[in-house]
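The values are calculated or read from the model by the stated rules, or taken from the named source; none is laboratory data. Just so we're clear, the structure is a prediction, and the values are computed from it rather than from any experiment. As a convention, Cβ positions derive from the backbone with ideal geometry for all residues, glycine included, and neighbour counts pool all protein chains shown. Accessible surface is based on the protein model in full, side chains and every heavy atom, while ligands, DNA and RNA are left aside. Shrake-Rupley method; radii C 1.70, N 1.55, O 1.52, S 1.80 Å.
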Amino acid sequence: MTKTLRPPLISKSSYMAGLQCPKLLWHKLNEPEVFPEPDALTQAVFDQGTAVGTLAKRLFPKGLEIGARVIDKRMVDELSRAALAERRPLFEAGFIAGRAYARADVLVPVGRKQWDLVEVKSSTKVKEEHIPDVALQRHVYEGAGLDIRRCSVMHIDRAYVRRGGLDPRKLFARTEVTEEVEEVGGDVAGNLDEMARVVDQPQPPKVKIGPHCFAPYECPLQDLCWKALPKHNVFSLTRVGNQAFDWYHRGFLRLQDLPRDEVATGKQAIQMAAIRSGRPHVEREAIGGFLDRIEYPLYLLDFETVGPALPLWNGSRPYQQVPFQFSLHVVEAPGGKPSHHAHLAEGRVDPRPEILARLKNLLDKRGSIVAYNAKFESQVLEESTEAYPAFAAWWKRAEPRMVDLLVPFRNFHYYHPDQLGHASLKNVLPALTGRSYEGMEIAEGVTASLEYLRVTFGDVSQAERRHVRAALEKYCALDTFGMVEIVRKLEELVGDQTPRPEVRARRSRG
Ligand code: SF4
């Protein structure tokens, strides 16, 4: 452990870490080397926050940037104190008060002496955790001698629709939080004293794992604190909630070891029985009922989407999921060979018109449109056709044909012990069919979005772009081919019991 000569300052992020868990705080300030490198998603969230912050600054045209590249806190404090006399909006002004340090997104001068504090967030509303964050800042700035009049959070207005260039005046909403901050302001000094005491200990405090490992932020030190969990661990029980922590602390790691009366009924009991027997749970009648509702030809559809805080295209809102890719397998009749269609947007133009036009052509006028968690695909199409109303009438006719393949799994009409309590496609497909995403370069949706953005808007070589696009095609195609296989497996499971003759006839018609 390396110790600095001066005790470390408690910054805003350290304060928030300390509120979440004292052990997290201790490691942050004493052993930062135990933290893993941020993964691609964490980095993307961070980069997005930076882009949002940069755009927000345009609302303060006379703003003065304080040592953007300076990281030495005492130097930032000196520069900031010197800048106060300018009476201009200050970006990233940082001050030290006692053991605490905070850098403000924006300090806005009011009259001759006062300041308003503005904290910029990428969220679409003020969140609970923003209040102690702003309270710490206010405590520090007041401790440094500033007179803070009001505090507000500048966040994104979800109702904003991009028309032309991004307009920060319409994109951002500002919510005053002065009262809420005052309510918790009295706790800050005591919290800081306690945190300083923790940080100055030679060893990390002993803290049990608990729900705080995930809220308000996912703790990056889980590898350090959590015991290696067995496959069927207590946290993998469906809808288990905080009960799993109780079991964990009582020494139960494996679900199989729990006393039988601890898990009562319903889906949890189905999961437990499947683990104990090592065999899947199958409700043939209910699965048959589900299959009765689907009509051939089947159109198995999956989208990949992007939903950035700062909308990329006209007619889209912050965080709106805009499709850039689809995969579609079409099966004409039960047992038939599927045909495959796919689309991956080229270039930086809005992908929606071409995707809508292609789907309108491909989806024909009858047969079920099957998606896994179909609510998502429906919403993507609904919102896309709002932006391109020429397709609205088509979608209105097509929408009742949507069928959700998640339903029999969400309802545990089928449950395989290898699903580990989950009903997502990524869990069901390998458990039911043996086909998995393992070893694929792109193996889940978030990576697909980030990679699409990187090779479409980033500075990458043609060869790299081609390579990533091929991986995207492969990934999306497996999602829908997987659905073909799942439907087949369900049909095999119900065998001759269903479909009812008239349904079978309807399915094979044409
Ligand atoms: S994993 Fe949990 S117990 Fe460990 S440092 Fe993080 S929040 Fe604290």
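Some points to look at:
- Once the C-beta distance of Glu346 and Glu218 is scaled by a Förster radius of 35 Å, the resulting FRET efficiency is 0.50 to the nearest 0.05.
- Ordering Ile156, Leu84, Pro38 by Cα displacement along the dipole of the chain toward the positive end leaves Ile156 in first place; charges were set at the Cβ atoms of Lys, Arg (+1) and Asp, Glu (-1).
- Distant-in-sequence amide H partners of Gly421 (H built 1.01 Å from N, under 5 Å): none
- What the pair-distance distribution of region 151-198 shows, using all Cα-Cα distances binned every 5 Å from zero, is 5, 17, 15, 13, 12, 11, 9, 9, 6, 3, 0 percent.
- Highest to lowest packing among 332-341, 25-34, scored as the average C-beta count within 10 Å: 25-34, 332-341
- For Phe481, the solvent-accessible surface computed with a 1.4 Å probe is close to 50 Å², ligands and nucleic acids excluded.
- Under 5 Å between amide hydrogens, built in the peptide plane, is the criterion, and for Val403 it picks out Ile369, Val370, Ala371 among residues at least 5 positions away or on other chains.
- Distance cut-off 17 Å, percentage of C-alpha pairs in region 109-224 lying past it: 68 percent
- In sequence order, calculated HN-Hα J values of region 392-404 (Karplus, 6.51, -1.76, 1.60; Hz; x Gly/Pro): 5, 5, 4, 5, 4, 6, 7, 3, x, 7, 5, 10, 9
- Rg over Rh for region 1-150 works out to 0.96, both radii taken from alpha-carbon positions and Rh defined as the Kirkwood radius.
- D by Stokes-Einstein for region 178-240, Kirkwood Rh over Cα pairs, 4 °C, 1.567 mPa s: 85 µm²/s.
- Largest-first principal axis extents, alpha carbons of the chain, Å: 83, 60, 45
- Taken one residue at a time, the phi angles of region 226-235 give Karplus couplings (6.51, -1.76, 1.60, θ = phi - 60°) of 8, 5, 4, 9, x, 4, 8, 8, 5, 6 Hz. Gly and Pro are set to x.
- The chain, relative contact order in percent, only Cα pairs under 8 angstrom and at least six apart counted: 13 percent
- Long-range HN-HN contacts of Leu64 with modeled amide H, under 5 Å: Leu90, Phe91
- Here the mean projected area of the convex hull built on the C-alpha positions of region 217-293 is 7.4 nm².
- Summing Cβ point charges (Lys, Arg +1; Asp, Glu -1) relative to the Cα centre of region 12-199 gives a dipole of roughly 880 debye.
- The residues His329, His422, sorted by heavy-atom accessible surface at 1.4 Å with ligands and nucleic acids left out, run His422, His329 from largest to smallest.
- Residue-wise HN-Hα couplings along region 118-123, as the Karplus relation 6.51 cos²θ - 1.76 cosθ + 1.60 with θ = phi - 60° gives them from phi, are 10, 9, 9, 10, 7, 6 Hz; Gly and Pro carry x.
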